[in-house]
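Engineer: Below is one structure. I have some questions about it.
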Ligand SMILES: Nc1ncnc2c1ncn2[C@@H]1O[C@H](COP(=O)(O)OP(=O)(O)OP(=O)(O)O)[C@@H](O)[C@H]1O
């Protein structure tokens with residue numbers, strides 16, 4: 001048996017995924033290691049969610065191998081493994097709208113068991129941890145406020161804090177800034193940046209359609225187009241005008257400012 005690489009978070013080897021007569025992912029390989037943070041980029045329908053489903057065991061590849069935390073799928077208990085993975089998407093916010101009388105703190109605490117609502121014993125240490133997370137995300141002032149009454153920005157922060165309550169080793173943030181105004185967006189990005197800088201924080205996969213959200217602590221990018229890899233590797237090597245143009249199918253001008261990438265579409269002059 002091959003020796004497990006302890007710093008390996010994700011290893012995909014030659015993944016192919018076919019569904020409904022369509023090839024959704026084609027020969028996708030990807031290696032993510034601890035202390036790396038990745039942005040996952042691609043047009044609508046390029047296969048980002050499909051790729052994330054492979055990693056979390058919600059879909060099974062037609063060919064290829066998936067290993068997460070050094071454990072190969074097929075030889076590992078997936079529900080057990082999922083306890084170490086946090087996946088935060090706006091679809092999740094909606095599940096909590098059905099619980100109008102849960103406070104922000106209760107929502108965060110429910111993350112310990114990844115449940116909607118609290119059904120297990122919560123210790124004083126858990127409450128302390130929940131309060132620390134609210135503080136880390138600068139939403140202590142809404143701790144006792146009912147979740148549906150929080151602003152969009154506060155909700156996003158609470159949902160990320162909820163995911164961290166389970167101490168995940170891998171955190172997937174799926175378009176966390178969607179629908180946020182420029183101020184709330186920058187505030188959320190600053191909290192994500194602080195989380196990434198902490199050595200105890202999880203490895204991050206950040207899915208976005210907005211390149212400028214790639215904060216300095218995101219070290220690597222993975223670019224997908226129509227289920228094929230366009231680029232995968234260190235941020236400065238993969239966030240280039242030619243690779244971005246290939247990913248988004250428009251000519252792109254790229255500029256780095258304060259270690260963040262900004263893009264605009266290049267218009268031809270003739
Ligand atoms: N179960 C399925 N059966 C058939 N087709 C599927 C299935 N799941 C996904 N697809 C198709 O695969 C393609 C990739 O979808 P996916 O959701 O992975 O894209 P995405 O990059 O996450 O898109 P978006 O940015 O819009 O969320 C789409 O064309 C989608 O219709």
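The values are calculated or read from the model by the stated rules, or taken from the named source; none is laboratory data. This is a predicted model, so every value here is computed, not measured. Please note: Cβ atoms are built from the backbone with ideal geometry, for glycine as well, and neighbour counts cover all protein chains shown.
Engineer: For the stretch 21-60, enumerate the residues that are out of contact with any strand residue (DSSP E or B) (no Cβ under 7 Å at 6 or more places or on another chain) and either assigned to a helix (DSSP H, G or I) or crowded, with 22+ Cβ neighbours inside 10 Å (or both).
Structural biologist: The answer is 49, 53.
Engineer: Could you list, ordered by first residue, the pairs with Cβ atoms under 6 Å in which the first is in the stretch 41-63 and in contact (Cβ under 8 Å) with a residue 24 or more places away in the chain and the second is surrounded by fewer than 20 Cβ atoms within 10 Å (Cβ to Cβ) and in a helix (DSSP H, G or I), at least 6 apart or interchain?
Structural biologist: Once the first residue is in contact (Cβ under 8 Å) with a residue 24 or more places away in the chain and sits in the stretch 41-63, its partners that are surrounded by fewer than 20 Cβ atoms within 10 Å (Cβ to Cβ) and in a helix (DSSP H, G or I) give 57/78; 59/53.
Engineer: Of the conditions (1) buried (at least 16 other Cβ atoms within 10 Å of the Cβ); (2) at pLDDT 95 or above; (3) farther than 21 Å from residue 235 by Cα, residue 18 clears all except one; give me its number.
Structural biologist: The failed condition is (1).
Engineer: How many of the residues in the stretch 20-40 are touching a residue at least 40 places away in the same chain (Cβ under 8 Å) and near the ligand (Cβ under 7 Å from one of its atoms)?
Structural biologist: Qualifying residue count for the region: 1.
Engineer: Next question. Looking at the stretch 213-270, what strands (runs of 3 or more DSSP E) fall wholly within it and have at least 1 residues that are away from the ligand (no atom under 16 Å from the Cβ), free of Cβ contacts under 8 Å to residues at least 12 places away in the same chain and more than 22 Å from the chain's Cα centre (by Cα)? I'd like the intermediate steps shown before the answer.
Structural biologist: Working: elements: 220-225, 228-234, 252-257, 260-265.
In the stretch 213-270, the matching strands (runs of 3 or more DSSP E) lie at 252-257.
Engineer: Residue 178 fails exactly one of the following numbered conditions: (1) within 16 Å of the ligand (Cβ to nearest atom); (2) within 18 Å of residue 34 (Cβ to Cβ); (3) exposed (fewer than 15 other Cβ atoms within 10 Å of the Cβ). What is the number of that condition?
Structural biologist: So residue 178 meets the others, but not (2).
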